[in-house]
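*Asks:* I have a structure here, written as structure tokens, and I will follow up with some questions on it.
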Amino acid sequence: MTGTSGGMCWHLVVGTGSGPEGSRPTVNAWRPQGCGAEKGYVREAGYALSTDNMSHLFTFTRCFFTAKVTIIGATGQVGSYAAHAVSQFPHVQEMCLYGRPGNEQYLDGLAHDMMDSFAARGTNTRVTFGTNPKELRGSDIVVLTSGVPRKPDQTRLDLALENAKIVRHFAEQVGRMAPDAILLVVTNPVDIMTSVALKYSGMMPHRVFGLGTHLDSMRLKACLAEFFNVHVSEVHTRIIGEHGDTMVPMWSATTVGGIQIDNMIGIAKLPRDEMIERVKNSGSYIIKAKGATVFGPGDAIATLVRTIVEDENRMLTVSTQIRREIFGYDGVCISVPTRITRGGVFPIAVRLSPTETTLFSESVKVIKELTERIYATLDAESSGNA
Ligand SMILES: NC(=O)c1ccc[n+]([C@@H]2O[C@H](COP(=O)([O-])OP(=O)(O)OC[C@H]3O[C@@H](n4cnc5c(N)ncnc54)[C@H](O)[C@@H]3O)[C@@H](O)[C@H]2O)c1
Ligand SMILES: O=C(O)C[C@H](O)C(=O)O
């Protein structure tokens, strides 16, 4: 059985094998073997057919999903690493490396290099590349990484206008060629670029989102794991607001080993301000040291893509359009906790502490003002008044 859901192709394969209690229908499912001809990956959907009453009791069914993921800006540092990281997931059937005209030779070389890597690691993902917008057709997820990166003496906000023009150009292409895709924006300043991509793609708000403070949340997680000397998986934390200087740590939602940090003995020594300063400066520190941040954002992108293609239903903090009814503000994309599924990204309303509320409103103000200025400049340019 084949169908589509959330723009993604899915296949459900049910057979009649023998179950532990007799002739209960079971499932024919293909698992990727690394170098075989299998195309899909199997996951339990939690229901299946019962022999007693085929119509009402579903207890065990499996289905698998395959996706085409396109990386725009694949010749860049973040784009190329993200393409490689994302291709490891069995659900990703096709990885399309997309770039601007003139970059064909580079993209061809990148595709060959990645295919060698896949053979070495046993990945069965098809690699395609191109610079013609028609290559975007059929994409289930598009990751937009094109744009200039900041220099060591710049802030991310300094890139806003130059990158907005690049993002507008590609967002219009995605809106035309792959309107049912989910678009993940990475280009900085990412919150403003997410708004630009949403506006110019014409896509639904829950299908356009930005990497936002997911990466900052991972950075804080690493600091906390180091401080408490525990495995990173023991730490749950979030940073909301701008991916930038006004980011807001959600200490109220920070736990170590499931224990809220305020309830941990010795917590008075936790250097919260230093940790947040370290997270805020992490990008510029790495750029000064080695030219670009690559593995952190690349693997953060990969987590988000996997969450969607595997329909993991996870709660992650990413940049999304917030609504006045829930958050008290609208007309802005900024990071809040969201639920991410194969259908898209859905903001979750949460109660913040009084300090978090004040800091979040300051963060919204910064992003909203600059977003409006960028819209005005782009609109004036389109109407020939710039
Ligand atoms: N949100 C995040 O956490 C995060 C993390 C890392 C990088 N970034 C941002 O991602 C972007 C790319 O970073 P990078 O390190 O890969 O940079 P890079 O210079 O290595 O790559 C830039 C990419 O953008 C393309 N590009 C540049 N100018 C273009 C134009 N005028 N038209 C079309 N394409 C153009 C290039 O061809 C290349 O593919 C930057 O804006 C950077 O700030 C964001
Ligand atoms: O800091 C940058 O400019 C890149 C990115 O936003 C990051 O935080 O790694």
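We did not get these values from a lab; they are worked out from the coordinates using the rules stated. From a predicted model like this one, the values you see are computed outputs, not experimental measurements. Virtual Cβ from ideal backbone geometry, glycine too; neighbours counted across all protein chains shown.
*Asks:* Assuming 1.567 mPa s and 4 °C, estimate D for region 91-141 with Stokes-Einstein, Rh taken as the Kirkwood radius over Cα pairs, in µm²/s.
*Replies:* Approximately 113 µm²/s, per Stokes-Einstein.
*Asks:* If you don't mind, there's one more thing I want to ask. If we count other beta carbons within 10 Å of each Cβ, what is the order of Thr254, Thr194, fewest first?
*Replies:* Thr254, Thr194
*Asks:* Just want the answer: with Cβ charges of +1 for Lys and Arg and -1 for Asp and Glu, which residue in Thr125, Ser146, Gln173 is farthest toward the dipole's positive end in region 67-210?
*Replies:* Gln173
*Asks:* Now for a different question. Once you compute Rg and the Kirkwood Rh from C-alpha atoms, what is the Rg to Rh ratio for region 67-210?
*Replies:* With Rg and the Kirkwood Rh in hand, the quotient comes to 0.97.
*Asks:* Considering the convex hull of the alpha carbon atoms of region 214-373, report its projected area averaged over all viewing directions, in nm², one decimal.
*Replies:* Convex hull of Cα atoms, orientation-averaged projection: 10.4 nm².
*Asks:* For the pairs Lys288/Lys365; Lys165/Lys199; Lys288/Lys368, flag any whose C-alpha to C-alpha distance is greater than 21 Å. It would help to have the intermediate numbers written out before the result.
*Replies:* Numbers: Lys288/Lys365 29 Å; Lys165/Lys199 12 Å; Lys288/Lys368 29 Å.
Over 21 Å apart, Cα to Cα: Lys288/Lys365; Lys288/Lys368.
*Asks:* Then there is this: Report, as a whole number in µm² per second, the diffusion coefficient that Stokes-Einstein gives for region 180-292 at 20 °C and 1.002 mPa s using the Kirkwood radius over alpha carbon pairs. Walk me through the numbers on the way to the answer.
*Replies:* Values: Rh = 15.5 Å.
Approximately 138 µm²/s, per Stokes-Einstein.
*Asks:* Please give the Cα centre distance for region 175-247 versus region 122-158, rounded to the nearest Å.
*Replies:* Taking the Cα centre of each part, region 175-247 and region 122-158 sit 15 Å apart.
*Asks:* For a quick protection proxy, order the peptides 304-312, 267-275, 172-180, 82-90 by their average other-Cβ count within 10 Å, most packed first.
*Replies:* 82-90, 304-312, 172-180, 267-275
*Asks:* Among 215-222, 340-347, how do they line up from the highest to the lowest mean number of other beta-carbon atoms within 10 Å?
*Replies:* Values: 215-222: 23.6, 340-347: 20.0.
The most tightly packed comes first, giving 215-222, 340-347.
*Asks:* Sorted by average packing, counted as other Cβ atoms within 10 angstrom per residue and highest first, what order do 108-114, 257-263, 315-321 take? Working shown, then result.
*Replies:* Details: 108-114: 15.9, 257-263: 12.1, 315-321: 24.6.
Highest-to-lowest ranking by the protection proxy: 315-321, 108-114, 257-263.
*Asks:* Around Val256, under 14 Å between beta carbons, what's the net of Lys plus Arg minus Asp minus Glu among the other residues?
*Replies:* In short, +1.
*Asks:* If you place +1 on the Cβ of every Lys and Arg and -1 on the Cβ of every Asp and Glu, how big does the dipole about the Cα centre of region 214-373 come out, in debye to the nearest 20? Kindly include the intermediate steps, with their values, before the conclusion.
*Replies:* Details: 19 positive and 19 negative charges, 30 e Å.
The calculated dipole for region 214-373 is roughly 140 debye.
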